[in-house]
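Contents: one structure, followed by commentary.
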Amino acid sequence: MLSFPPTFFPRTCITTNYATILGDQDFLRWILNAFIYAAAAMVLNVLFSSMAGYALSRLNFPGRNVIFLVTLAVMMIPLAVTLIPKFLVINNLHLANTYLALILPAMAQPFSVFIMVQFMKGLPKELEESAMIDGATTWRTFYQVILPQVRPALTAVAILTFQGAWNDFIWPLVVLGTRNMYTLPLGLFFFKSAHFTEYNLLIASSMFNTIPILVLFFIFQRYFIEGAVSSGVKG
């Protein structure tokens, strides 16, 4: 790892690094924790963001534009500003060092709401009018008529949310206190110490942090790109 001059291809290929990290029960627990965090945040954020996006883009009620402007304003607040208030809320609820401490702040994100609003604004109004003539309720119109039309936006929100939660380091560092509750990015920090860094184990472990995101993106890349483009281009 530290040879000089460096070589692009190793002289010998070994698998002992993977055997070492996969034999560590803490490492497997970190992967599980990261998956629980990312999957739960993804599902809840897609659900609540799509509901908020439908309300702010398709329904008429007093204060709709004000709520949307507040949502956009929240996106401009730096993470460092909200870090301590979020921790105080979680700590006062006695949820520190739990899965809920990770999931609750991530289950409704302003940027995801923005994507859903912009995408749903481009849908024709006739969709809802036809559903209303057929006697569909607002809720039924939402999940049977609107949601199938915004599948690219849902996919974009799902991928971005999963990626953000899977790679999150700062929030788990603040809210988690025991080694068995650490997520994978936080657990990788254990391969570094004040005196030396186990680069072989660190890089081998980083592969497991990268593969799920790549697989998720390549499977749904068509929907992701379409959703990202459609949310920013109107007409």
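The values are calculated or read from the model by the stated rules, or taken from the named source; none is laboratory data. From a predicted model like this one, the values you see are computed outputs, not experimental measurements. We place every Cβ from the backbone using ideal geometry, glycine too, and count neighbours over all the protein chains shown. The accessibility values were calculated without ligands, DNA or RNA, using every heavy atom of the protein model including side chains. Shrake-Rupley method; radii C 1.70, N 1.55, O 1.52, S 1.80 Å.
Which one is surrounded by the most Cβ atoms within 10 Å (Cβ to Cβ) among residues in region 65-74 that are of a type in the set (A, V, I, L, M, F, W, C) and touching a Leu at 6+ places or on another chain (Cβ under 9 Å)?
F68
Can you tell me how many residues in region 40-64 are assigned to a helix (DSSP H, G or I) and surrounded by fewer than 16 Cβ atoms within 10 Å (Cβ to Cβ)?
Residues in region 40-64 being assigned to a helix (DSSP H, G or I) and surrounded by fewer than 16 Cβ atoms within 10 Å (Cβ to Cβ): 3 in total.
Just to be sure I understand the filter: pairs with C-beta atoms under 6 Å, separated by 6 or more residues or on different chains, first member in region 4-19 and at pLDDT 80 or above, second member surrounded by 10 or more Cβ atoms within 10 Å (Cβ to Cβ) and of a type in the set (V, I, T). Which pairs pass?
Nothing qualifies.
Take region 79-128 and flag every residue that is open to solvent by 60 Å² or more (accessible area, probe 1.4 Å), assigned to a loop (DSSP other than H, G, I, E, B) and at pLDDT 90 or above.
L93, H94
Search region 192-235 for residues being surrounded by 11 or more Cβ atoms within 10 Å (Cβ to Cβ) and of a type in the set (F, W, Y), and hand back the single one that is modelled with the lowest pLDDT.
Of everything passing the filter in region 192-235, F224 is modelled with the lowest pLDDT.
From the residues in region 25-34 that are open to solvent by 40 Å² or more (accessible area, probe 1.4 Å) and touching a residue at least 40 places away in the same chain (Cβ under 8 Å), which one is farthest from K121 (Cα to Cα)?
Filtering region 25-34 for residues that are open to solvent by 40 Å² or more (accessible area, probe 1.4 Å) and touching a residue at least 40 places away in the same chain (Cβ under 8 Å), the one farthest from K121 (Cα to Cα) comes out as D26.
Is there a residue being touching a residue at least 40 places away in the same chain (Cβ under 8 Å), within 22 Å of I36 (Cα to Cα), assigned to a helix (DSSP H, G or I) and of a type outside the set (F, W, Y) anywhere in region 65-78?
There is no residue in region 65-78 that is touching a residue at least 40 places away in the same chain (Cβ under 8 Å), within 22 Å of I36 (Cα to Cα), assigned to a helix (DSSP H, G or I) and of a type outside the set (F, W, Y).
Counting just the residues of region 131-164 that are among the aromatic types (F, W, Y) and free of Cβ contacts under 8 Å to residues at least 12 places away in the same chain, which one comes out most open to solvent (accessible area, probe 1.4 Å)?
Ranking the qualifying residues of region 131-164, first place goes to W139.
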